[in-house]
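To keep things clear, I will list the structure first and then write my remarks on it.
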């Protein structure tokens with residue numbers, strides 16, 4: 001009891017917490033040790049004293065040092081780095097600011113979780129990660145009331161007790177995977193108070209039962225998609241898109257971070273194993289097809305293990321090791337046959353096939369659309385596990401063709417006398433969204449005109465019954481997916497031009513887009529574009545314009561409306 005009394009005197013508790021601690025200590029003294037309530041009261045009092053009511057760390061407000069730290073730890077992620085530097089600048093000017101509540105949204109493996117540690121390191125703050133995947137009880141956030149046996153504080157207060165300061169960096173990992181609709185309350189709703197800057201200055205945990213100031217905490221949430229985050233919770237966070245990496249970025253990340261990390265983990269040195277950038281690029285393109293770099297790191301680890309066996313055997317035989325340089329021809333023996341091929345041109349050798357571009361929480365993907373016709377009564381069959389929106393897109397494309405068939409050399413009554421089957425391969429994977437409209441329309445025109453679509457072309461965009469092409473999302477991810485698949489030409493909606501201008505510099509160098517020439521000259525990237533002509537982008541406003549870009553020699557209508 002004397003020890004607890006001394007801790008209360010030294011804890012520098014605020015008035016309301018000091019009053020509660022003294023009251024609980026008085027109650028504890030009156031309880032016999034053998035009573036169950038004695039241990040409950042003692043645990044509560046120790047929890048109260050362990051919380052950092054007044055303890056905090058001092059932020060490092062040196063912007064130049066912070067910038068160097070962020071650049072050294074992560075390649076890319078410019079929006080996140082910019083936001084952290086802005087926060088530091090405001091703190092430097094105002095000497096006090098509520099911690100921002102950021103939500104990093106992106107595909108797996110792009111560095112969302114690791115950037116949280118880097119931010120804490122930059123600010124010289126303590127870091128704590130809270131995994132929210134599968135959490136189904138609101139008591140995990142708010143804590144359990146002390147009336148229950150074995151009650152504990154929630155994860156927020158438990159995290160504060162662990163770090164011992166009131167201004168740490170909290171990483172709320174996988175916030176989009178909270179389980180909702182259970183019988184134990186909604187944990188997403190419990191987070192509303194935690195993440196509301198106007199309310200979290202007096203957050204009350206059910207176990208502690210006292211208001212605690214959470215406004216000094218820098219919350220960083222991560223998610224693969226905002227679609228499953230409740231609107232009220234999403235409204236309280238500042239969403240930052242963490243986009244996927246280009247092949248060049250992946251190679252640079254591997255050279256700077258992944259390869260040194262794997263060498264250290266496997267007990268190797270750079271003198272014993274060298275993987276040239278060309279080999280890393282082959283691994284990224286032919287053995288992984290992802291937005292992030294986790295698969296690339298796993299393959300580098302497999303190479304390190306293979307070389308580690310040789311190093312260990314050579315040491316046992318002669319005591320010397322022979323340096324190993326992994327070339328592209330050696331990858332087959334170490335990693336096996338290539339898992340991904342540039343198969344687009346091979347699948348576009350017949351009419352009725354087009355390539356679309358899709359965007360998921362895992363990053364961008366190419367999407368084949370196959371159309372076939374047969375004698376019938378004008379029925380439309382759709383397969384490929386499609387959602388309602390994609391089914392409607394196919395119906396719109398079909399009806400657009402029926403109303404414009406004669407303009408492209410197709411008899412108006414042909415669609416009425418045949419059944420049409422549109423299939424989206426990878427039938428076990430669900431697909432939805434409006435962005436395949438252009439690709440479906442092009443596939444149908446290809447089928448009925450008996451002309452093949454350009455084998456190097458992919459497209460995306462929503463269409464209307466009047467043939468207008470509307471903007472879609474995920475432009476960078478879709479362009480990267482096209483590049484990974486060997487696509488050379490992409491057709492995008494004209495109204496997505498702004499998304500091209502907003503792309504990072506290392507993505508702009510793979511674009512060649514005539515409508516952007518004047519604007520990009522102002523950005524001093526035009527010469528780079530001409531030298532690195534890897535991906536040509538055509539911007540269209542109508543399906544008619546898209547048809548002229550997707551067929552060799554174009555496909556202009558033979559008549560006007």
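The values are calculated or read from the model by the stated rules, or taken from the named source; none is laboratory data. If you're wondering where the values come from, they're calculated on a predicted model, not measured in any experiment. Cβ coordinates were reconstructed from backbone atoms using ideal geometry, including for glycine residues, and neighbour counts include every protein chain displayed.
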Would you check if residue 331 is in the same structural domain as residue 266 (by TED's automatic domain parsing), modelled with pLDDT of 90 or more and within 27 Å of residue 457 (Cα to Cα)? no
Counting only helices (runs of 4 or more DSSP H) wholly inside the stretch 35-106, the ones holding at least 3 residues that are surrounded by 15 or more Cβ atoms within 10 Å (Cβ to Cβ) and over 28 Å from the mean Cα position of the chain (by Cα) are 36-50
Could you look through the stretch 3-29, keep only residues that are at pLDDT below 85 and within 45 Å of the chain's Cα centre (by Cα), and pick out the one that is surrounded by the most Cβ atoms within 10 Å (Cβ to Cβ)? 11
How many residues, within the stretch 210-226, are at pLDDT below 90 and more than 25 Å from the chain's Cα centre (by Cα)? 2
If you scan the stretch 404-421, which residues turn out to be closer than 13 Å to residue 445 by Cβ and modelled with pLDDT of 75 or more? 404, 405, 406, 407, 420
Tally of residues being in contact with a helix residue (DSSP H, G or I) (Cβ under 6 Å, 6 or more places away or on another chain) and buried (at least 19 other Cβ atoms within 10 Å of the Cβ) across the stretch 225-238: 2
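Restricting attention to the stretch 266-289, which residues are within 16 Å of residue 485 (Cα to Cα) and surrounded by fewer than 22 Cβ atoms within 10 Å (Cβ to Cβ)?
Filtering the stretch 266-289 for residues within 16 Å of residue 485 (Cα to Cα) gives 281-289.
If the condition is that a residue be within 16 Å of residue 485 (Cα to Cα) and surrounded by fewer than 22 Cβ atoms within 10 Å (Cβ to Cβ), then 281, 282, 285, 286, 287, 288, 289 are the ones that fit.
Residues 479, 465: which one is within 25 Å of residue 418 (Cα to Cα) and either under 23 Å from the mean Cα position of the chain (by Cα) or not in a helix (DSSP H, G or I) (or both)?
Values: 479 fails: within 25 Å of residue 418 (Cα to Cα).
Answer to the check: 465.
Per-residue answers, yes or no, for (1) in contact with a strand residue (DSSP E or B) (Cβ under 6 Å, 6 or more places away or on another chain); (2) surrounded by 23 or more Cβ atoms within 10 Å (Cβ to Cβ):
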{"residue": "157", "(1), (2)": "no, yes"}
{"residue": "161", "(1), (2)": "no, no"}
{"residue": "166", "(1), (2)": "no, no"}
{"residue": "187", "(1), (2)": "no, yes"}
{"residue": "202", "(1), (2)": "yes, no"}
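Yes/no per residue for (1) at pLDDT 90 or above; (2) over 13 Å from residue 370 (Cα atoms); (3) surrounded by fewer than 17 Cβ atoms within 10 Å (Cβ to Cβ); (4) not assigned by TED's automatic domain parsing to the domain that holds residue 393:
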site: 431; (1), (2), (3), (4): no, yes, no, no
site: 436; (1), (2), (3), (4): yes, no, no, no
site: 450; (1), (2), (3), (4): no, yes, yes, no
site: 457; (1), (2), (3), (4): yes, yes, no, no
site: 460; (1), (2), (3), (4): yes, yes, no, no
site: 464; (1), (2), (3), (4): yes, yes, yes, no
site: 467; (1), (2), (3), (4): yes, yes, no, no
Restricting to the stretch 231-274, count the residues that are in a loop (DSSP other than H, G, I, E, B), over 17 Å from residue 106 (Cα atoms) and not assigned by TED's automatic domain parsing to the domain that holds residue 290. 1
Would you confirm, using the coordinates I've provided, whether residue 51 is at pLDDT 85 or above, touching a strand residue (DSSP E or B) at 6+ places or on another chain (Cβ under 8 Å) and closer than 28 Å to residue 150 by Cα? yes
